Amino acid sequence: MHTPDDARRELESLLDFYLESGLDCFLEEEAVDSFALSEDLARQQQAMRSAAHSRGMPTLGPAQPGGRPLPDTRSTHGAQGGVGPQGTQVSAVNAPVPGGTFADAVVPDKEAVSSAREAAGAAKTLDDLKQRLSQFSGCNLRLTAKNLVFADGTPGARVMLIGEAPGRDEDLQGRPFVGRSGQLLDKMLGAIGLDRSSVYIANIVPWRPPGNRTPTPQETEICKPFILRQIELAKPDVLVFLGAASAKSLLDVQDGIRKLRGRWMNFDVGGRSIPCVATYHPAYLLRSPIEKRLSWRDFLSLQAKLAETANR
Ligand code: URA
């Protein structure tokens with residue numbers, strides 16, 4: 001028999017499915033008229049196309065600091081778009097975006113990486129770095145994210161934890177590790193006498209990838225100069241990589257997390273050699289609670305390392 005509980009569970013799974021797929025817009029408090037937005041965006045694009053055309057350029061979108069605009073290869077027919085009222089070109093992928101419109105998308109190439117290096121290298125303080133990152137247009141993830149997720153905790157804390165990329169909750173609040181995995185992380189920190197005020201937390205990639213997909217290698221490379229400078233400016237005594245992606249991209253190794261976790265290494269940045277360790281990502285622990293005992297060992301070893309390095 002199909003009970004009300006079954007119906008509720010089915011609805012919950014459907015919502016979970018939508019959320020996992022990145023379709024969270026319908027949960028906004030205010031209704032969004034996507035048709036009106038499509039038309040606005042189409043008008044903007046049309047204006048940019050005409051301007052580019054009059055300058056003899058075959059591309060769409062203004063030149064960006066930190067990246068070259070993408071050529072306009074989108075179809076205006078079929079599933080990707082169509083022709084709107086008064087002959088305007090309507091794109092199907094046109095949600096409003098905080099860091100610009102999709103016409104601002106850039107080619108994720110070496111130029112974007114070198115402009116990230118330049119912007120990050122010029123930052124004198126963490127606030128300055130955050131400011132530069134918020135103005136950096138070389139990573140297209142900013143176009144779909146709601147917020148820049150720069151850091152949480154206390155800059156200058158002895159421990160710096162680094163995750164991979166924000167999820168939905170982090171994107172909404174603009175703070176790393178505030179969702180379910182963040183709550184588990186808080187408990188793990190609490191177990192060794194730490195909390196958010198005694199650590200500093202950031203991610204390799206500071207914008208949420210749509211639908212929580214894994215950041216592409218290009219996105220990671222483009223964002224890397226910023227996290228490197230963030231480590232340099234935060235000057236932690238100890239670094240903890242949360243999960244394989246964070247450890248592998250910063251340590252530049254191919255080993256899996258099973259092999260990497262729990263082994264103390266040194267991470268050289270800005271003329272300092274910082275003791276670092278990788279451990280399981282809390283999201284993985286939520287799926288595989290049996291591995292918590294190994295994480296517990298890693299956190300005890302972190303506690304011991306902090307005691308060992310306390311008066312250096
Ligand atoms: N997972 C991460 O790697 N980072 C966050 O901020 C949240 C979840």
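Working only within region 238-290, note down all residues that are within 12 Å of the ligand (Cβ to nearest atom) and among the polar types (S, T, N, Q).
Hits for region 238-290 are SER246, SER249.
Considering (1) surrounded by fewer than 21 Cβ atoms within 10 Å (Cβ to Cβ); (2) more than 17 Å from LYS130 (Cα to Cα), say which one LYS224 fails and leave the rest.
(2)
What's the number of the condition ILE290 fails, among (1) part of a helix (DSSP H, G or I); (2) of a type in the set (Val, Ile, Thr); (3) surrounded by 18 or more Cβ atoms within 10 Å (Cβ to Cβ)?
All conditions pass for ILE290, except number (3).
Against the condition surrounded by fewer than 19 Cβ atoms within 10 Å (Cβ to Cβ), of a type in the set (D, E, K, R) and out of contact with any His (no Cβ under 8 Å at 6 or more places or on another chain), how does ARG272 come out, does it pass? Walk me through it before giving the result.
Details: surrounded by fewer than 19 Cβ atoms within 10 Å (Cβ to Cβ): yes; of a type in the set (D, E, K, R): yes; out of contact with any His (no Cβ under 8 Å at 6 or more places or on another chain): yes.
Taking the combined requirement at face value, the residue satisfies it.
In this structure, is LYS235 surrounded by 19 or more Cβ atoms within 10 Å (Cβ to Cβ), among the charged types (D, E, K, R) and more than 16 Å from the ligand (Cβ to nearest atom)?
Details: surrounded by 19 or more Cβ atoms within 10 Å (Cβ to Cβ): no; among the charged types (D, E, K, R): yes; more than 16 Å from the ligand (Cβ to nearest atom): yes.
In short, no.
Identify, from the list LEU250, LEU172, the residue that is more than 14 Å from the chain's Cα centre (by Cα) and crowded, with 17+ Cβ neighbours inside 10 Å.
LEU250
If the Cβ limit is 6 Å and pairs must be 6+ apart or interchain, which residue in region 189-210 that is within 20 Å of ASP169 (Cα to Cα) and aromatic (Phe, Trp, Tyr) pairs with which residue that is within 14 Å of the ligand (Cβ to nearest atom) and part of a loop (DSSP other than H, G, I, E, B)?
TRP207/ALA145
Could you list, in sequence order, all residues of region 152-183 that are within 7 Å of the ligand (Cβ to nearest atom) and at negative phi?
Let us first name the residues in region 152-183 that are within 7 Å of the ligand (Cβ to nearest atom), namely 163-167, 170, 176-177, 179, 181-182.
Matches in region 152-183: GLY163, GLU164, ALA165, PRO166, GLY167, GLU170, PRO176, GLY179, SER181, GLY182.
Name the single residue, out of those in region 293-312 being farther than 26 Å from ARG229 by Cα and among the basic types (Lys, Arg), that is surrounded by the fewest Cβ atoms within 10 Å (Cβ to Cβ).
Here the answer is ARG293.
Within region 281-293, which residues are more than 12 Å from MET188 (Cβ to Cβ) and of a type in the set (A, V, I, L, M)?
If the condition is that a residue be more than 12 Å from MET188 (Cβ to Cβ) and of a type in the set (A, V, I, L, M), then ALA283, ILE290 are the ones that fit.
Taking ARG208 as meeting all but one of (1) away from the ligand (no atom under 13 Å from the Cβ); (2) among the basic types (Lys, Arg); (3) crowded, with 24+ Cβ neighbours inside 10 Å, write down the number of the exception.
(1)
Here are ALA103, ALA120: which of them is of a type in the set (A, V, I, L, M) and either touching a strand residue (DSSP E or B) at 6+ places or on another chain (Cβ under 9 Å) or modelled with pLDDT under 95 (or both)?
On the way: ALA120 fails: either touching a strand residue (DSSP E or B) at 6+ places or on another chain (Cβ under 9 Å) or modelled with pLDDT under 95 (or both).
Exactly one of ALA103, ALA120 is of a type in the set (A, V, I, L, M) and either touching a strand residue (DSSP E or B) at 6+ places or on another chain (Cβ under 9 Å) or modelled with pLDDT under 95 (or both), namely ALA103.
The values are calculated or read from the model by the stated rules, or taken from the named source; none is laboratory data. Since the structure is predicted, the reported quantities are computational estimates derived from the model, not experimental observations. Glycine also receives a Cβ, built like all others from the backbone with ideal geometry; neighbour counts cover every protein chain displayed.
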